[in-house]
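Read the structure below first, then the notes.
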Amino acid sequence: MSLRTNIAATTALLLAFGTVVAAAPPSGAELRCGWFDNPTPGNASLHDRDGEWTIAIQGGYQAKGDWPPEYPPGQWRATNAGRHGYGCACFNVRVDAEEKNILEIFSSKARPLSACRKDPALKGIERRFL
């Protein structure tokens, strides 16, 4: 193997390793998927198999991190003025399980509405948003 081939192989390996490390969730993070509800400005929660998790309360509690995830056309249901409503999503988060608060959002990703509608653990929750 030539030096050039060794350098290229090593670089590829380091880049691959770096990508894996960057994609790894932070320590203490957990993946939670369910209905994301953002009915009014500054109010948001995630409803999953374990119940309702507070993300934000207008004028009060606010989780660290960015929300909402970016929704593709047809996957967000507006229920209030502006862009407020609900959708299906997964959040990589750190939580306070006792208080049912999301403390920090590391990442989030929209899911098709059908994913939450088909999940038996989320049955009936969507009706609360209408």
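No value in this document is a laboratory result; all are computed from the given coordinates. Please read all numbers here as calculations on a predicted model, not as lab measurements. Positions of Cβ are generated from backbone atoms using ideal geometry, with glycine treated the same way; all protein chains shown enter the neighbour counts.
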Taking neighbour counts of Cβ atoms within 10 Å as a proxy for exposure, in what order, fewest first, do Tyr71, Tyr86 appear?
Tyr71, Tyr86
Counted neighbours (other Cβ, 10 Å), sorted fewest up, put Leu46, Leu122, Leu130, Leu31 in the order Leu130, Leu31, Leu122, Leu46
Taking the range 40-130, which GluC sites (Glu not before Pro) meet the DSSP loop condition and have no more than 12 other C-beta atoms within 10 Å?
Glu70, Glu98, Glu99
Going 7 Å from the Cα of Glu30 toward and past its Cβ, which residues in the range 105-130 have a backbone nitrogen under 16 Å from where you end up?
105-107
Where in the range 40-115 are there trypsin sites (Lys or Arg not before Pro) that are in a DSSP coil and have at most 16 other Cβ atoms within 10 angstrom of their Cβ?
Arg49, Arg83, Lys100
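Could you list Cys88, Cys33 in order of exposure, starting from the residue whose Cβ has the fewest other Cβ atoms within 10 Å?
Working: Cys88 25, Cys33 19.
Ascending number of Cβ neighbours within 10 Å: Cys33, Cys88.
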Note: Ala97 to Tyr61 extended length (0.36 nm per residue) minus current alpha-carbon separation gives 11.4 nm
Given 0.36 nm per residue, what is the gain on full extension from Arg83 to Leu130 after removing their alpha carbon distance, in nm?
15.5 nm
Under unit Cβ charges (Lys, Arg +1; Asp, Glu -1), what dipole magnitude, rounded to 20 debye, does the range 20-80 have relative to its Cα centre?
60
